[in-house]
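The values are calculated or read from the model by the stated rules, or taken from the named source; none is laboratory data. These numbers were taken from a predicted model, which means no experiment stands behind them. Reconstructed Cβ throughout: ideal geometry from the backbone, glycine too, with neighbour counts over all protein chains shown.
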């Protein structure tokens, strides 16, 4: 099997233009080509600017999320993410201005204003995010002006999000649009002053399956309070207190790094990258947070917590490690921070990582990934089903971690699958999440179903009639 | 014009959508043509969202290509990207048909698909792959209209004057792959020769095994579509299909193929109508197997009628499915409380009016609606059960009204592709789901309800 996992970078892609977006760890001489437009017709797994913006903003629980455009963009994003709320449920509704042909011809500004009025009248949200889409961007609807007027009229924050899909196929551009909208929301109005506190903000944490709540429990035990998370289980009022934090943690760096830099510039809040995926990462992150506070009591409590939790989960992890040792894993996720965390976790379970890819990684991130991996492992940017199919079969992958679109393909190829995406329903963060993760990897990798499904070798290269 | 009460729900804002966008329907119809691949001319996000939606419903990989338009092309035109996308799709997928679907973006940019495809064919000297353009801007209609538009475009692309033959045309609306298989089984049992389109019964529900195919096997053959003008008649399950999008009407107008419009064969009445036509064609009686299935259905209707009478279903989704389910509900005595569709241009109201206007308590009828209206009306009308797609999940979550999953999309249950509701046997399977869900509610609540009624105690939460 050795020759199969040393897939030469030059021949990996069915489309030759894609060759330079695929490299082999320890062997490729040139840097990976990435952070560019998707190749037309390649069936990229990427989405669009709107998608990126919506993912970041949607967890703001008490805001109304209004998509200005024809119906599709709102339908596809109605309540599809697993961000949990401790109270308001407003964010689980999907509002659309439902533009029709006449709106496209004559402009949609009036309809947009009327929709905002209806939402405010019916639901009284403290803020409305107004998302631009391809069409409204094309016809030049001035959503900034409409939002400004609505803000004045209703006395609440009506915030434009410049998320026309065509601006880029790269979600990262949408993250930026969301960050700009958030900055607009949290920047104190003239005369307002936000008191500085000892609390911290947690950026790039979307409270999927309650993961923010788990992190909060750890931090509380250490004696640290979360001011507000961006944006998991956040409210408009809580977000407006963000400038009062003494530190920003940044978890999903792809979505929130720029935001953290802005907040440092505008409000003087320093930031640090953290990662709560995997026991090691969690421990490391907690230690670094404790160090920032430079308080022996906090450090002591952090160490006690880490020691207790690590000891508690170790037996379970060891059990799973025994079952999973030597299995081959593939990773294809949205951003690099998650890919790195997954490499570490799967390795910790004794598995070999044969493929790692992301939709939105940057050059330096790919270089870091390449350094983490064993020689011969493949690294890929903005891949597609044809390539994934080839990788999974040729590299004899046992389990893949990724999103929904990859899941069905993996199953068709008889490969196990771990859902590490925004609609997941299991907590995968922190110490408990590490066990949940290991359990999910085990359940799918070692499921009895594969022994019935595995394609017999004689069918591998034969087309069945 | 419809006379039974029709509630206007026309507001400006649409809150929680009951429909999806037009190109998505076209993608599904294209899956019903052998060797076809869909290419969406628009932003990358459009094709990815459609893939996600299809993947979650069908639990099948559904590869949809995109011309991945970006800011530059919105200024300078998307032609070069579309051509490149066609090149790449042909290289990787080797399709024999590429359906090129426009989006809001492409239409707003004023992209002329027909011209670009013509140019492309000339420039590249394209052979062995048929290019079909379907205009599907999201602002022009829902996925239902996109489905009909694509089906019509496919037929009009291939149809040509043909000598008369015996194969009838069967045109199906957007139903499940399992429903298509059941219709084919019935046609087979009746000894009918036919061309069914679009036939995605295998492409969107593949059995496991063999080497993975990027374009799944199955689908209507283009050479059969070409001969549809020579058919003795067309059966179109499309009572709600608007005339301007109707493939069957087009065949009638262009080639004189008589069109028989039927409701989907769900329920005893609609299925009887279907087999009556088929027996007329063959001159043979109902095959014993179908007669038995009919008997089982009748038997089950008798067994279920009192339980069904307690159901006040809210029925929502695509017009043709809603049309069928309302008919079935009426047959078993479960008088609908609310009938709703997100689609704006269907003939659903016209189709149902004769059945509904005679009722003592006519249902609330909502067209071009959203779930905020459906939820409100369902509560006001005392709905006890719902039939429809996953969009109805808040009815359960917020109000404890169970939703019998039917239609599209269903992303919160497995097996959307296998939901069966046509034919005598399929109706029976569906009826059992309806009846037993009502039974489940009854058994879970009747003790406490009777106790509360008789002893004047409070009804506990959740009952």
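Data for the structure
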quantity: Any chance residue B:357 is more than 16 Å from residue B:240 (Cα to Cα), outside the structural domain of residue B:261 (by TED's automatic domain parsing) and at pLDDT below 95; calculated: yes
quantity: Selection status of residue A:382, crowded, with 24+ Cβ neighbours inside 10 Å and within 14 Å of another protein chain (Cβ to nearest Cβ); calculated: yes
quantity: Members of segment B:263-285 found to be part of a loop (DSSP other than H, G, I, E, B), in contact with a strand residue (DSSP E or B) (Cβ under 9 Å, 6 or more places away or on another chain) and without any contact (Cβ under 8 Å) to a residue 24 or more places away in the chain, listed by number; calculated: none
quantity: Residue under evaluation residue A:342, criteria (1) touching a helix residue (DSSP H, G or I) at 6+ places or on another chain (Cβ under 7 Å); (2) buried (at least 21 other Cβ atoms within 10 Å of the Cβ); (3) within 27 Å of residue A:84 (Cα to Cα), criterion not met; calculated: (1)
quantity: Subset of segment B:86-117 (residues that are touching a strand residue (DSSP E or B) at 6+ places or on another chain (Cβ under 6 Å) and at the interface with another protein chain (Cβ under 7 Å from one of its Cβ atoms)); calculated: B:89
quantity: From the options B:81, B:16, residue that is in contact (Cβ under 8 Å) with a residue 12 or more places away in the chain, touching a helix residue (DSSP H, G or I) at 6+ places or on another chain (Cβ under 7 Å) and not assigned by TED's automatic domain parsing to the domain that holds residue B:123; calculated: B:16
quantity: Strands (runs of 3 or more DSSP E) wholly inside segment B:189-262 that include at least 1 residues being over 22 Å from the mean Cα position of the chain (by Cα), crowded, with 16+ Cβ neighbours inside 10 Å and touching a residue at least 60 places away in the same chain (Cβ under 8 Å); calculated: none
quantity: Criterion violated by residue A:26 - all others in (1) free of Cβ contacts under 8 Å to residues at least 60 places away in the same chain; (2) assigned to a loop (DSSP other than H, G, I, E, B); (3) more than 7 Å from chain B (Cβ to nearest Cβ) satisfied; calculated: (1)
quantity: Qualifying residue in segment B:21-28 (condition: at the interface with another protein chain (Cβ under 7 Å from one of its Cβ atoms) and surrounded by 23 or more Cβ atoms within 10 Å (Cβ to Cβ)); calculated: yes
quantity: Residue selected from segment A:88-116 under the condition more than 7 Å from every other protein chain (Cβ to nearest Cβ) and in a loop (DSSP other than H, G, I, E, B), by the criterion farthest from residue B:17 (Cα to Cα); calculated: A:107
quantity: Condition met for residue B:338 (in the same structural domain as residue B:298 (by TED's automatic domain parsing), surrounded by fewer than 24 Cβ atoms within 10 Å (Cβ to Cβ), more than 18 Å from residue B:266 (Cα to Cα) and touching a residue at least 40 places away in the same chain (Cβ under 8 Å)); calculated: no
quantity: Scope segment A:43-60; condition part of a helix (DSSP H, G or I) and either within 19 Å of residue A:424 (Cβ to Cβ) or more than 7 Å from chain B (Cβ to nearest Cβ) (or both); matching residues; calculated: A:49, A:51, A:52, A:53, A:54, A:55, A:56, A:57
quantity: Breaking point among (1) surrounded by fewer than 17 Cβ atoms within 10 Å (Cβ to Cβ); (2) at negative phi, for residue A:135; calculated: (1)
quantity: Count of segment B:73-85 residues which are surrounded by 20 or more Cβ atoms within 10 Å (Cβ to Cβ) and either more than 8 Å from chain A (Cβ to nearest Cβ) or modelled with pLDDT of 95 or more (or both); calculated: 4
quantity: Condition broken by residue A:420, with the remaining ones in (1) at pLDDT below 90; (2) under 14 Å from residue A:329 (Cα atoms); (3) more than 16 Å from the chain's Cα centre (by Cα) satisfied; calculated: (3)
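Yes or no, residue by residue, for (1) within 12 Å of chain B (Cβ to nearest Cβ); (2) within 27 Å of residue A:423 (Cα to Cα); (3) in contact (Cβ under 8 Å) with a residue 24 or more places away in the chain:
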position	(1), (2), (3)
A:120	yes, no, yes
A:149	no, no, yes
A:179	no, yes, yes
A:190	no, no, no
A:194	no, no, yes
A:202	no, yes, yes
A:215	no, yes, yes
